[in-house]
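*Asks:* Quick one: structure below, then a few questions.
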Amino acid sequence: MRLHVRYEGDDDPAKCTARKLARFDLVVLHRSARGVPPGVVLDPHAERALSPADEFETIVALDCSWETATREAFSLEGPHRALPFLVAANPVNYGRPFRLTTVEALAGALFIAGERAQARELCSKFRWGHTFLELNAEPLERYSACDDSAEVVAVQDDYLADEGDGDRAEADSVETDRADTDIGTGTRSDATNGGVEGTAAESDRASTRK
């Protein structure tokens with residue numbers, strides 16, 4: 001699976017997970033939206049949850065701080081999808097749902113897409129990476145077995161119910177008219193200090209989204 005990251009550069013480079021992945025040639029960084037190829041864009045503002053039914057060839061994440069992760073920032077070409085409920089393992093937001101770094105967002109998307117080996121490879125570059133897959137082992141397995149976005153949202157609702165009303169609000173309310181659309185709140189790609197890398201230890205600042 002080809003992985004591309006729109007890199008805003010508004011975080012601490014030493015803590016940026018997207019930059020570290022790029023050093024291992026695991027993602028391609030783009031400092032301008034013009035160079036980003038079309039792909040499935042991990043976007044917490046998207047109105048449809050990511051599911052195995054999506055056509056994956058390229059996944060795109062936005063690496064920026066949570067403070068700049070506005071809807072406008074995700075103006076990238078391709079179908080936009082929100083990651084469902086997942087819990088962060090990065091040191092800055094450990095245990096918090098949806099506050100993923102870019103590597104966590106990409107790994108979660110890859111797992112749901114059936115690219116488990118690639119997801120593990122990304123996570124292996126971080127001391128806490130394996131913990132992300134362990135913390136989310138059950139939901140990731142369930143999401144990856146879904147047929148479409150509606151089923152992903154139904155599974156997500158099980159976890160949101162456990163989290164309570166407070167975390168449901170943080171998820172930006174995933175409840176919508178399911179007859180019409182399936183919404184999954186996302187993982188803002190990256191952001192750490194200011195958010196958590198989307199698309200959001202080496203806390204690197206999705207859904208795609210460091």
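Quick note: the coordinates plus some simple rules give every number you see, no bench work behind them. Bear in mind the structure is a predicted one, so any value in this text is a computation, not a measurement. For neighbour counting, all protein chains shown are included, and Cβ atoms are generated from backbone atoms with ideal geometry for every residue, glycine included.
*Asks:* May I ask for the equivalent-ellipsoid semi-axes of region 2-170, computed as the square root of five times each C-alpha gyration tensor eigenvalue and listed largest first in whole Å?
*Replies:* Working: eigenvalues 100, 63, 54 Å².
They are 22, 18, 16 Å, listed from largest to smallest.
*Asks:* Moving on. Using packing as a proxy for protection, rank 30-36, 97-103, 58-64 so that the peptide with the highest average count of other Cβ atoms within 10 Å comes first.
*Replies:* Going from most to least packed, we get 97-103, 58-64, 30-36.
*Asks:* Using 0.36 nm per residue of separation minus the Cα-Cα distance, give me the extension gain between Met1 and Asp148 in nm, one decimal. Let's see the in-between values first.
*Replies:* Numbers: separation 147, 0.36 × 147 = 52.92 nm, distance 1.97 nm.
Taking 0.36 nm per residue and subtracting the Cα distance, the gain is 50.9 nm.
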